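Just so it is clear, none of the values below were taken in a lab; they were calculated from the coordinates. All of these numbers come straight from a predicted model, not from anything done at the bench. Cβ coordinates were reconstructed from backbone atoms using ideal geometry, including for glycine residues, and neighbour counts include every protein chain displayed.
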Amino acid sequence: MPANLPPEAKHKWAEVSATKNPKEKLRLLKEFLSLVPKHKGTEKLCSQAKKKMAALRREIEEKKSKKTGRGGPKFFIEKEGAAQVAIIGMTNAGKSSLIAATTNAKVEASPNPYFTREPVPGMFDYEDIQFQIVEAPALMEGSADGKAWGLQTLAIARNADGLILMVSLSQDPVRQLSLILDEMEKARIFVSKPKARVEVEKKFMGAGLRTILIGKLVDCNLKDVKELLKSCRIADAVVRIYGEATIDEVEEAIFESTVYKPAVIVANKIDLDKHRTNLKKLEDYIEKQLPVVSVSCRTSQDLDRLGEALFKALNIIRVYTKEPNEREFSKRPFILKKGATIYDLAKNIHSDFSKKFSFAKVWAKRLVFSPQKVGSTFALEDRDTVEIHTK
Ligand SMILES: Nc1nc2c(ncn2[C@@H]2O[C@H](COP(=O)(O)OP(=O)(O)OP(=O)(O)O)[C@@H](O)[C@H]2O)c(=O)[nH]1
Ligand SMILES: [Mg+2]
């Protein structure tokens, strides 16, 4: 990724980002591409822009066909619950069966290949929270190059908070998983833990620029990051930097080209006799790099292990709150990222809350005394309970 794109290209990108209309976005992307110098360092960026353009063309076509009454599939599912988890896998892996076995959604499983053609959501209960799991239509070789609904499926994966990579133990699971990972990699979606993670969350106008450095910058400082954002005309955003990041990685995050998703592998069909050798093959291949949950959607065996695996992988915590004058804590927790502070919680409750914040009381097992009076930088953990006092 080039750290020194010409300013015109950066400005054009800012226009691309600010535009919602797909036709307009497509036109601007074309212009953006013409402003990017073509060399080895810009290859990834160019291929990413081209993929975006292909997805936009498809979206425009879909809209057209809807207008003419032919109806097109609805590809985006609005997020609900604690997190949206996309189920990605080849046909017949058992994606629909997983939704049918673990949620209330009405969905049909079938031995016919490529049975599901549109994303199907369902709400999955885990303790006192719910995950939204979404079956994405099957991946196949060539998905990342635009075959069938491939780009839309990859867009669902890109948009989700986490992934279930689903394989069937009736066939070679390593081949299935490699195919999934290959297609995702072509679309710059990774599941392995990156050394550094940079998130750029664009905010409404006037929100200003805030950088949160949890890790460390390697070849630059915060001023360079701010300059880079300014040159891309990003004035309102929260930038979080985890691990050791270079300026190139920050830039990559701005262009949304690479994303890292937490993932759990679900190995399905353990009711079949031959599942053991295939499961062993898969586990040897993964070498504990990713969690593997082996289940049977047919008999429901071990499906109860999925919730905890997802919760762990997603790196989230639950925080319960209460009003200063009330006795009862909220039943429904707030869902925050691991490492979140009281400040993040206050902001989540109400954007004004963080400004009026005075102090908080926290009840937690790890504290010597509960409640303990704390400030806004107090780091929260799963199942903490909090009472916020405002000025
Ligand atoms: N033996 C066995 N068969 C299963 C299991 N889960 C699903 N199947 C069967 O596998 C076939 C495919 O299941 P689906 O859930 O439709 O698979 P899918 O991944 O949604 O497939 P597409 O929608 O085509 O991508 C069906 O015939 C299911 O009955 C399982 O745990 N054990
Ligand atoms: Mg299906």
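Taking amide hydrogens as placed 1.01 Å from N in the peptide plane, the amide H of Thr246 sits under 5 Å from those of Val218, each at least 5 positions away in sequence or on another chain.
Basic side chains Lys and Arg get +1 at the Cβ, acidic Asp and Glu get -1 at the Cβ, and with that the dipole of the range 315-391 about its Cα centre reaches some 80 debye.
Once C-alpha pairs closer than 8 Å and six or more residues apart are averaged by separation and normalised to the residue number of the chain, the relative contact order reads 13 percent. Taking θ as phi - 60° and the Karplus parameters 6.51, -1.76 and 1.60, the scalar couplings of the range 216-222 work out to 8, 8, 8, 10, 7, 10, 4 Hz in sequence order, x denoting glycine and proline. Cβ crowding within 10 Å, taken as a proxy for footprinting-reagent exposure, orders Lys355, Lys347, Lys203, Lys261 from fewest neighbours to most as Lys355, Lys203, Lys347, Lys261. The convex hull around the C-alpha trace of the range 204-331, projected and averaged over every direction, spans 13.5 square nanometres.
Between Gln301 and Ser296, the built amide H atoms are under 5 Å apart, and every one of these is 5 or more places off in sequence or on another chain.
Note on the chain: GNM, Cα springs under 10 Å; of Lys147, Lys365, Lys23, the largest mean-square fluctuation is that of Lys365. Along the range 260-277 the Karplus relation, 6.51 cos²θ - 1.76 cosθ + 1.60 evaluated at θ = phi - 60°, assigns HN-Hα couplings of 10, 10, x, 9, 10, 8, 10, 9, 9, 6, 6, 6, 7, 4, 7, 5, 4, 5 Hz to successive residues, with x for each Gly and Pro. Annotation note: GluC sites (Glu not before Pro) in the range 10-64 located in DSSP loop regions with a Cβ neighbour count of at most 16 within 10 Å are absent. Model label points for Leu272 and Glu8, set 7 angstrom from Cα along the Cα-to-Cβ axis, are 5.6 nm apart. Adding -39500 (n - 2.57) for every DSSP H run of four residues or longer, then dividing by how many residues the chain holds, sets the calculated 222 nm ellipticity at -10500 deg cm²/dmol. Note on the range 119-171: Cα convex hull, mean projected area over all directions, 4.7 nm².
Estimated at 0.36 nm per residue, the fully extended path between Glu328 and Ser170 surpasses their Cα-Cα distance by 51.9 nm.
Rounded to the nearest whole Hz, the Karplus-based 3J(HN,Hα) values (6.51 cos²θ - 1.76 cosθ + 1.60, θ = phi - 60°) of the range 151-164 follow the sequence 5, 5, 4, 5, 5, 5, 4, 5, 7, 6, 7, x, 10, 9, with x at glycine and proline. Rounded to the nearest 5, the antiparallel percentage of DSSP beta bridges internal to the chain is 45%.
With the convex hull drawn around the C-alpha atoms of the chain, the volume per residue stands at 173 Å³. At the listed q of 0.22, 0.30, 0.32 Å⁻¹, the Debye profile of the range 304-348, built from one uniform point per Cα, gives log10 I(q)/I(0) equal to -0.82, -1.08, -1.13. Under a 5 Å amide H cut-off, with hydrogens placed 1.01 Å from N, Ala263 pairs with Leu163 among residues at least 5 apart or on other chains.
DSSP beta bridges fully contained in the range 166-296 are about 30 percent antiparallel.
Of all aspartates and glutamates in the structure, the ones whose alpha carbon falls short of 16 Å from that of Lys216, not counting any fewer than 8 places away in one chain, are Glu199, Asp224, Glu244, Asp248, Glu249, Glu251. Charge dipole (Cα centre; +1 on Lys/Arg Cβ, -1 on Asp/Glu Cβ; no other charges) of the chain amounts to roughly 960 debye. Counting only aspartates and glutamates at least 8 places from Lys331 when in the same chain, those with an alpha carbon closer than 20 Å to its own are Glu80, Asp125, Glu127, Asp128, Glu308, Glu323, Asp344, Glu381, Asp382, Asp384, Glu387.
For Lys63, a cut-off of 23 angstrom between C-alpha atoms picks up these lysines, skipping any fewer than 8 places away in its own chain: Lys20, Lys23, Lys25, Lys30, Lys50, Lys51, Lys52, Lys74, Lys79, Lys147. Computed on the Cα trace of the range 73-194, the radius of gyration divided by the Kirkwood hydrodynamic radius gives Rg/Rh = 0.94.
Taking every alpha-carbon pair under 8 Å whose residues sit at least 6 apart, the range 244-391 reaches a relative contact order of 20 percent. Stretching Arg27 away from Tyr114 to a fully extended chain increases their span by 28.0 nm, per 0.36 nm per residue minus the current alpha-carbon distance.
Model label sites at Lys281 and Val218, defined 7 Å from Cα along the beta-carbon direction, differ in position by 3.7 nm.
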